[in-house]
2 protein chains.
Amino acid sequence: MRKLVNDPDRLVDDMIDGYVAAYGDLVSRGDHPRVVVRRRSKPRGRVGIAIGNGSGHEPIALGWIGAGMLDANAVGEVFAAPPPDLVLEAIRASDRGAGVLLLVSRHAGDVINAEMAVELARAEGLRVEPLLMYDDVSSAPKGREEDRRGAPGTTFVYKVVGARAEEGASLDELVALGSRVRDATRTLAAALAPGVSPLTGRPMFSLPEGEVFLGMGVHGEPGLRSVTSATADELVREMMPEILDDLPFERGDEVLVLVNGMGGTTLMELLVVHRSVAAVLEERGVVPYRPLVGSFVTTQEMAGFSISLCRLDDEIRRAWDAPVRAPFFHRPEEANP
Amino acid sequence: MRKLVNDPDRLVDDMIDGYVAAYGDLVSRGDHPRVVVRRRSKPRGRVGIAIGNGSGHEPIALGWIGAGMLDANAVGEVFAAPPPDLVLEAIRASDRGAGVLLLVSRHAGDVINAEMAVELARAEGLRVEPLLMYDDVSSAPKGREEDRRGAPGTTFVYKVVGARAEEGASLDELVALGSRVRDATRTLAAALAPGVSPLTGRPMFSLPEGEVFLGMGVHGEPGLRSVTSATADELVREMMPEILDDLPFERGDEVLVLVNGMGGTTLMELLVVHRSVAAVLEERGVVPYRPLVGSFVTTQEMAGFSISLCRLDDEIRRAWDAPVRAPFFHRPEEANP
C-alpha cells in the first residue's frame, strides 16, 4: 500500500499547509509555523486551551481547534511529542490574559516536554497549568489510575473544558473540571490490524491473523491480552465489563459514550459496535447521553476501535451540549427540539 | 484483516440499529425498518428530499439525514441499489405535502429502481421528481455527460438542494437548482488499494502494487488509466487538468472544493492532497470557497481519494453556507466573522 505523501521530511508541514488552505475561515498558522491557532482569537480575559501532540492521529488535535474547543495546537512530528519550545509557542499563542490550561495526554515524551514547557512559560511570567489526562484501563491496574495512558476518552476533556473556557470559567475552575471529567472517564481499545507508517511505508507492528489485541494504545503499545472473538457483539461483551467495573459505572448513572475508530475501521462497523455497546449499557441500567461515533483519534489506517464512557453531572452535560466550531469535531443537537 | 460484523445477513439492520441508538436525538427509523428519517419532520408545505443507495459507503447517505440536508434514506444492501418498493417508502416518508425530490446517483441499478419507485409513487398520487446526478469525468467523454456515473461531487447537490428545500424552495425550483449544481460539478478519483467486502471478507478487486487507478468508481468500476506517480503532488497535477478542462473551469471562477477520502486513506494524506489541489487552483486563477476535506463517500477501507469542483453562483454559495444538523456532515463557518 502506498501513501499519499511528497517528501516524508515535509509531511507535517504539507499537512498543515493543506489544512489552513482548506479551513482558513476557522484556523491559521500562529507565529510559529508548527503551531495552528484559531483564526479569530478567543476574547481577552478568557482562559486559553493549548495542547501539543505528535501528528499522525488526525483529526485530533489540529482538527479540534475552534470556538468552544482548542485555541492552539503544537504539531509534533509523526508519533513524536513536540519539543518543549514548540509547546511553549502554543501556550503563548493561546494566552488571552487569564492563564492557559495545557492539556497533556499521558505518554512519557509528552509529559516530560510539557513539564519543561510549563517551566519555560512560567519563567516568562505566563500563568499556565498542565492537566494530565489518562483513561486507558488496560495500561495500569485500578488504584494506579495516574500511571495510565491517555486514550480517546480524552475527547471528553477537550470538549468539556473547551466549552467552559469559552463561557468564561477561570483557570482554577477548569483544572478542577478537567480533573473531574478525567476521573470519571474510562476507555478500552481493541486492535485488529496495524496501520502503515507514513515515514517508512511499512506496517507499524504485526498481529497474528484472526487475533484481536485488547488494550492496545494509540501508538500500538501492548495492553491486556489477545482474544479471538468471532463477532462484533462478542468482542464488545468481552470489553465492556473491563470498562464498567473499573470506575465502576453503576445502575442509574448517565454517561457520555464515544465509539472511536482507529482509522482503518469503517463507519459501518463502528455503528455495529455501537449497537452492542448500547445493548450492554441497557442491560446494566447505565443511561447513554448523546453518544458520539466516528474516527476522531486515529493511528493512520490501524483497524480497530475503542469504547469510552464518562459519568455525567449537570455541568459536564451542559458543556457537552455547548456549540463548537471546529473543522473536525461534530456532534449536533436537534435544531428545534 | 477481520471485519467487525455479527451475521453478514444482519449487517445493514445492525448498522441502522447502532446509528439510531447513537443519534436518536436527530434520526429515527421510519415506518419501514430500512428507511431512516429525521426524528423531527420538516414542516408541512416544504419539499422533501429522499434518496436510496446501497450501503457500505458511509457516512453517505444515512449520515446526512437532518435539517438542511436529507429527509429520508432507503438503505439498500451492501453495494446494492435498494428495490423500488423500498425507495417508494423513502418517498412516502419524506412527503410533507409539497412534493418530493428523489436524488439518484447515476448507476444502472439505482436508476432503474428509482424510475420504478417514481411510477409507483405517482400512481399513489404523490408528486415526485427524480434528479439524476453524474459528475465522474472518467466514466464517459465530454459531450456525453448524462452517461457519466455519480461520484462524490454529488455531495454538492445534496447540500445545496437540502438547504434550499429547508428554506421553502418549490419542487420546480429545486429540480432546476439541483440540475444547475450537477452541471457545474466535475469529479475525478484515484484508487490506491482495494477495500474489503464486509460480506466475504475478501478484497473487492486487485491492483498491482505501486499503481494508481485514475477514475475508479465508488464500487471499483474502471476509469481512465493507471499511473505510477510517485508523490501526492505529482498525482494531483496529473488529475487536475482532467477536471478543470472538462467543464471547463476558467480563470476567475469561484468553486466549491471537495477532497474526499475513499475510506482507507488518512486525513493527514487528504490534507496533503488538498495542499496540491489548492496550489493548482491558484496557478489557474480559480478561486476556492470554503473547501471540504474528509471521508464522506467511502467504499469500505479502499485507499484513495477524489477531487470534486463545483462552479459557484450566489444561490449555490448561500446554500453551501446554510446551517445543517446531520450527524455526519460538517462544514462550520466562523461563529463571529
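The table that follows gives values for the structure above.
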{"quantity": "Members of the range A:173-193 that are touching a residue at least 60 places away in the same chain (Cβ under 8 Å), outside any strand (DSSP E or B) and either in contact with a Lys or Arg (Cβ under 7 Å, 6 or more places away or on another chain) or surrounded by fewer than 23 Cβ atoms within 10 Å (Cβ to Cβ) (or both)", "calculated": "A:Leu174, A:Val175, A:Leu177, A:Arg180, A:Ala184"}
{"quantity": "Residue in the range A:239-257 that is surrounded by fewer than 22 Cβ atoms within 10 Å (Cβ to Cβ), at the interface with chain B (Cβ under 9 Å from one of its Cβ atoms) and in contact with a Lys or Arg (Cβ under 8 Å, 6 or more places away or on another chain) present", "calculated": "no"}
{"quantity": "Residue in the range B:277-297 that is more than 28 Å from A:Pro323 (Cα to Cα) and hydroxyl-bearing (Ser, Thr, Tyr) present", "calculated": "no"}
{"quantity": "Filter pass, B:Thr231 being facing chain A (nearest Cβ under 9 Å) and in contact with a His (Cβ under 6 Å, 6 or more places away or on another chain)", "calculated": "no"}
{"quantity": "Residues satisfying the stated conditions in the range B:32-62, i.e. within 10 Å of chain A (Cβ to nearest Cβ), in contact with a strand residue (DSSP E or B) (Cβ under 9 Å, 6 or more places away or on another chain) and surrounded by fewer than 20 Cβ atoms within 10 Å (Cβ to Cβ)", "calculated": "B:Arg39, B:Arg40"}
{"quantity": "Failed condition for B:Glu209, given (1) facing chain A (nearest Cβ under 10 Å); (2) at pLDDT 95 or above", "calculated": "(2)"}
{"quantity": "Residue list for the range B:69-108, filter: surrounded by fewer than 24 Cβ atoms within 10 Å (Cβ to Cβ), more than 15 Å from the chain's Cα centre (by Cα) and in a loop (DSSP other than H, G, I, E, B)", "calculated": "B:Ala80, B:Pro83, B:Asp95, B:Arg96, B:Gly97, B:Ala98, B:Gly99"}
{"quantity": "Qualifying residue in the range B:8-31 (condition: touching a residue at least 24 places away in the same chain (Cβ under 8 Å), more than 14 Å from chain A (Cβ to nearest Cβ) and either farther than 25 Å from A:Thr265 by Cβ or assigned to a helix (DSSP H, G or I) (or both))", "calculated": "yes"}
{"quantity": "In the range B:137-151, residue surrounded by the fewest Cβ atoms within 10 Å (Cβ to Cβ) [restricted to those that are assigned to a loop (DSSP other than H, G, I, E, B) and out of contact with any Asp or Glu (no Cβ under 6 Å at 6 or more places or on another chain)]", "calculated": "B:Gly143"}
{"quantity": "Pair list, Cβ under 9 Å, 6 or more apart: the range B:274-289 residue touching a residue at least 24 places away in the same chain (Cβ under 8 Å), other residue of a type in the set (Ser, Thr, Tyr) and part of a loop (DSSP other than H, G, I, E, B)", "calculated": "B:Ser276/B:Thr231"}
{"quantity": "Output for the range A:152-163, where each listed residue is outside any loop (DSSP other than H, G, I, E, B) and either of a type in the set (Val, Ile, Thr) or more than 13 Å from A:Gly48 (Cβ to Cβ) (or both)", "calculated": "A:Thr154, A:Thr155, A:Phe156, A:Val157, A:Tyr158, A:Lys159, A:Val160, A:Val161, A:Ala163"}
{"quantity": "Matching residues in the range A:172-205 - criterion: being closer than 15 Å to A:Thr155 by Cβ and of a type in the set (Gly, Ala, Ser)", "calculated": "A:Gly178, A:Ala184, A:Ala189"}
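Yes or no, residue by residue, for (1) β-branched (Val, Ile, Thr); (2) surrounded by fewer than 21 Cβ atoms within 10 Å (Cβ to Cβ):
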{"position": "A:Ala230", "(1), (2)": "no, yes"}
{"position": "A:Gly264", "(1), (2)": "no, no"}
{"position": "A:Ser276", "(1), (2)": "no, no"}
{"position": "A:Val287", "(1), (2)": "yes, yes"}
{"position": "A:Val297", "(1), (2)": "yes, no"}
{"position": "A:Ile307", "(1), (2)": "yes, no"}
{"position": "A:Ile316", "(1), (2)": "yes, no"}
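The values are calculated or read from the model by the stated rules, or taken from the named source; none is laboratory data. Just so it is clear, the structure is predicted and the values come from calculations on it, not from any experiment. Neighbour counts are summed over all protein chains in view; Cβ atoms, including those assigned to glycine, are modelled from backbone coordinates with ideal geometry.
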